[in-house]
Amino acid sequence: MSSLSRIALATALAFAAAPALAQDEAPWTVSGGAWVVSDYVWRGVSQSQEDPTWQLELATEHESGFYVGAFLSGVDFIPSGADYDDGIDYEVNAYLGWSGQLSETLTLDLNYTRIAYPGSKEDFDADFNEFAATLGFGGNYSATVVYSDDTVNLGSSAWYWQLGGEWELGASGLMLGATAGHYDLGPELGGSYNDYEVWLARSFGNVALKLAYSDTSGYDDVLAESLGERHLADGRVWLSLGYEF
């Protein structure tokens, strides 16, 4: 059984067990949501050819901090007018991890994610693994490091570093957030680039709205050969509207 199959099975079993456990007041919580986004932007690069798409997520977490879940999103990696088809219409991120409080001001999250593209044709298999650690500090800030042993299944390891913060804007109900990241893909995939994002978010009960601006620097034609056309990493405003629980 593949790693993805094992994680998917564990996720399904966890979701199936969670309602029954909840009836016995077991220490499990279930969360998730469904969203429509004007553009799926990942590390500053559009994954949907700058077009709108859908996203879904479902996860369950134990009070000990261990969690398992899956995130799905529509994707499109083929430019308009191309004379080939990769067979990829959506992405599945199956993940498991642990998060907990280290002190009054420090939190730690350790995470493994299998990123897969079901339906990909033989020459377009881009499934890969990521291992992440996020340190939260001061209540508003985070530092994340991510390692991949075979980025986008192209035979090269990679590192991603990100600093972020988010703040409540008084009594307005608005949240302001900002992140800055550095993606080092190694010489085999063309080097590295930086990505930046600033966003505003507001929840109205279970309805969540987010407006963001994303941009990159250092993204060149060499990187574009592996990660997508250069214009997909240009600065862009995008919107997310969803139902979360």
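Could you work out [θ]222 nm for the chain from helices alone, using -39500 (n - 2.57) per DSSP H run of at least four and dividing by all its residues? Round to the nearest 500 deg cm²/dmol.
Values: 2 runs with 28 residues, N = 245.
Value at 222 nm, helices only, nearest 500: -3500 deg cm²/dmol.
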Normalised contact order of region 3-244, rounded percent, pairs of Cα under 8 Å and 6 or more residues apart: 14 percent
Inter-probe distance in nm under a simple model that places probes 7 Å from Cα toward Cβ, at W167 and H231: 3.7 nm
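Fully extended, how many nm does the chain gain between S103 and D220 (0.36 nm per residue separation, minus their Cα-Cα distance)? Mind dumping the intermediate values first?
Values: separation 117, 0.36 × 117 = 42.12 nm, distance 4.17 nm.
Gain on extension, S103 to D220, equals 37.9 nm.
At 20 °C and 1.002 mPa s, what whole-number value in µm²/s does Stokes-Einstein give for the translational diffusion of region 141-220, with Rh from the Kirkwood sum over Cα pairs?
On the way: Rh = 14.4 Å.
Translational diffusion coefficient: 148 µm²/s.
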Relative contact order, percent, region 51-185 [alpha-carbon distance under 8 Å, six or more residues apart]: 14 percent
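Could you give the semi-axes, largest first, of the ellipsoid that matches the chain, computed as the square roots of 5 times the alpha carbon gyration tensor eigenvalues and rounded to whole Å? Before the final figure, lay out the partial values.
On the way: eigenvalues 164, 105, 73 Å².
Whole-Å semi-axes of the equivalent ellipsoid: 29, 23, 19.
By how many nm would the segment from N93 to E244 grow when fully extended, if each residue of separation counts as 0.36 nm and the alpha-carbon distance is taken off? Please report the intermediate quantities before stating the final value.
Values: separation 151, 0.36 × 151 = 54.36 nm, distance 1.79 nm.
Answer, rounded to one decimal: 52.6 nm.
Rule-based calculations on the coordinates, nothing more; no lab input. Not measured: the values here are computed from a predicted model. FYI the Cβ positions are ideal-geometry reconstructions off the backbone, even for glycines, and counts take in every protein chain you see.
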